[in-house]
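Written out below as structure tokens is the structure these notes cover.
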Amino acid sequence: MGTALVTDFYELTMASSYIQQGMTAPATFSLFVRQLPPTRGFLIVAGLEECLQYLEAFRFEKEDLAYLASLGFPDEVLHAFASLRFTGDVWAIPEGRVVLANEPLLEITAPMPEAQLIETYLLNKVTFHTAVASKAARCIIGAQGRFELVDFGLRRTQGLEAGMAAARTSAMVGFSATSNVEAARRYGLTPSGTMAHSYVEAFPEEIDAFRAFARDFPERTNLLVDTYDTLMGVTHAIEVIRELGLEQRAGIRLDSGDLSALAHGARQLLDAAGLDEVRIVVSGSLDEHRLARLVRDGAPVDVAGVGTRMGVSADSPYLDTAYKLVVYDGRPVAKLSTDKATYPGAKQVFRAKGVRDMLGLRDERPPKGTMPVLELAMKDGHRFRPPEALEVQRTRYRFDAAELPASAMELVDPVAPTAEVTAALASLTEQVRSDIRLKNRSVLG
């Protein structure tokens, strides 16, 4: 199936009108977040790779065109759609980097119909991937490096594609593994998992379940101990681990109750039995705040499985993203709508140490002490470089996270840095807005 109809209807009608009006000159659109959610002091950009794959494959199939014909699109437009491919340029902030409000995560320059048709898909991918990557980054902050984090989100993400995105973006910011086996295969991640309560319930006694599982998987024995009585489950796990000589290969998992208190209790039992190398895994409605609480309590946790709350970015499940025209046929344009005004012109973000950003024009000289952040990702419809390894993106995240001010990384009431506007962009903005107001007065007068 083609991808061209994965869009909003008005994208098709606008593109149709542009074609009929002969408006096929180059257009530049900017995709950005108007303002950060109140619980976010920063965002981590993600989703670019899927966007590039989409742009490379963009086309209308015969079935697509037949459907559009049934909706009354004219033959002239259908003929143009039949040969339409993405032939433009993409400038983007690389995945894994910190971004702030009003900074373009990516900018598209292409013939107007092409640039218009791709809006919905790009917004969908970048919005969701960035939201989840940012939530996962907050979980990393909450854990403070005290224990590993594993993605457990697949079963409750809002769709299977969302589950794949959660696995990839959480790995991008430092999660060590995923329960999502297809994501592990596709992205080269480590698959991880234990057992379900149903497995334990299927056996006559809890210890029978533990013994069977440990014999079948001696190299990955993680025993779920809270099906009936958690601390009794720990004692059963101890018996099986010692019986089968798994002292250096086993773990136990806590999935309910007061995880901090139970982890302390389990650790005491394990250590008293000489099983100080047996790891403790915790899971169950975890997010950055609950992870931080485990750290504050000194909970002896080795691994935390983070699922639903990260996979759906529960406290902030969407971002206020926009995809706005900033240049058409060489003419800078802007929107003056209340609370939704935009800056004209193709842009660049210039970053100084400490994530002190300036939003400026793409062709202006970088202000002293800054480096440009947006990079050319696609030229004339072709990738500018091969797909990146996740480790490259992890390195970017670690570098930018280390530069963020502490106030932006607070889990409660963070203070997001804001990008200043360069003199060149401010001047162009005032000029364009003045021209728009003058023309509107002339029309009305």
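Quick look at the values:
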read-out	value
32 Å Cα-Cα threshold exceeded, pairs from 135/353; 62/347; 353/439	62/347; 353/439
Sequence-separation-based contact order of the stretch 18-103, relative, with Cα cut under 8 Å and 6+ spacing, percent	50
Under 5 Å, built H, 5+ apart or other chain: amide partners of residue 327	28, 333, 345
Full-stretch length increase - residue 328, residue 231 - with 0.36 nm per residue and alpha-carbon distance subtracted	28.2 nm
Ranked packing of 246-258, 96-108, most packed first, by mean Cβ within 10 Å	96-108, 246-258
Burial order of peptide ranges 213-219, 415-421 (average beta-carbon count within 10 Å, highest first)	415-421, 213-219
Spin-label model distance (nm) - residue 411 vs residue 208, 7 Å beyond Cα toward Cβ	4.1
Rounded to whole Å, sorted largest first: equivalent-ellipsoid semi-axes of the stretch 2-66, Cα gyration tensor	29, 17, 12
Among 349, 312, 77: highest mean-square fluctuation, GNM of the chain, C-alpha pairs under 10 Å	77
Relative contact order (percent, whole number), the chain, Cα cutoff 8 Å, 6+ residue spacing	23
Point-to-point label distance, residue 61-residue 337, nm (Cα→Cβ direction, 7 Å offset)	3.3
Peptides ranked, highest mean first, by Cβ atoms within 10 Å: ranges 149-159, 353-363	149-159, 353-363
Hypothetical label at residue 87: residues of the stretch 4-28 whose amide nitrogen lies under 12 Å (7 Å Cα-Cβ projection)	24-26
Candidates 133, 92, 299, ranked by Gaussian network fluctuation over the chain, Cα under 10 Å, top entry	299
Cross-link partners of residue 379 among aspartates and glutamates (Cα-Cα below 16 Å; sequence separation of 8 or more within a chain)	49, 56, 89, 107, 114
Listed residues 277, 49 arranged by accessible area, highest first, probe 1.4 Å	277, 49
Full-extension gain in nm, residue 271 to residue 75, via 0.36 nm per residue minus C-alpha separation	62.9 nm
Equivalent-ellipsoid semi-axes of the stretch 241-306, from the Cα gyration tensor, Å, largest first	23, 12, 9
Cβ-defined net charge surrounding residue 221, 10 Å radius [Lys, Arg +1; Asp, Glu -1]	+1
Residue-count net charge about residue 274 - beta-carbon cut-off 12 Å; Lys, Arg +1, Asp, Glu -1	-3
222 nm mean residue ellipticity, helices alone, for the chain (DSSP H n ≥ 4; -39,500 (n - 2.57); rounded to 500)	-12500 deg cm²/dmol
FRET efficiency, residue 185 to residue 34 (Cβ-Cβ, R0 45 Å, nearest 0.05)	0.75
Solvent-accessible area, 1.4 Å probe, carbon plus sulfur percent, for the stretch 282-352	44
Cβ-defined net charge surrounding residue 186, 13 Å radius [Lys, Arg +1; Asp, Glu -1]	-2
Average silhouette area of the chain, convex hull of alpha-carbon atoms, in square nanometres	25.3
Accessible area of the stretch 80-193 belonging to carbon and sulfur atoms, whole % at 1.4 Å probe	50
Inverse of mean 1/r across different Cα pairs in the stretch 291-389, Kirkwood, Å	18.4
Accessible area of residue 279 in the full protein assembly, 1.4 Å probe (Å², nearest 10)	100
Mean separation of Cα contacts under 8 Å, 6 or more apart, over the residue count of the stretch 343-400: relative contact order %	26
Probe 1.4 Å, accessible area per residue of the chain, Å²	46
Calculated FRET value between residue 9 and residue 423, using beta carbons and R₀ = 56 Å, to 0.05	0.85
DSSP beta bridge pairing in the chain, given as percent antiparallel to the nearest 5	65
Segment residue 24-residue 399, extension gain: residue separation times 0.36 nm, minus the distance between their alpha carbons	130.9 nm
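The values are calculated or read from the model by the stated rules, or taken from the named source; none is laboratory data. Here the structure is a predicted model, which means the values were calculated and not measured. Quick reminder, even Gly has a Cβ in these numbers, built from the backbone with ideal geometry, and neighbours come from all protein chains shown. Note: accessible area is taken over every heavy atom of the protein model, side chains too, but ligands, DNA and RNA are not part of it. Shrake-Rupley method; radii C 1.70, N 1.55, O 1.52, S 1.80 Å.
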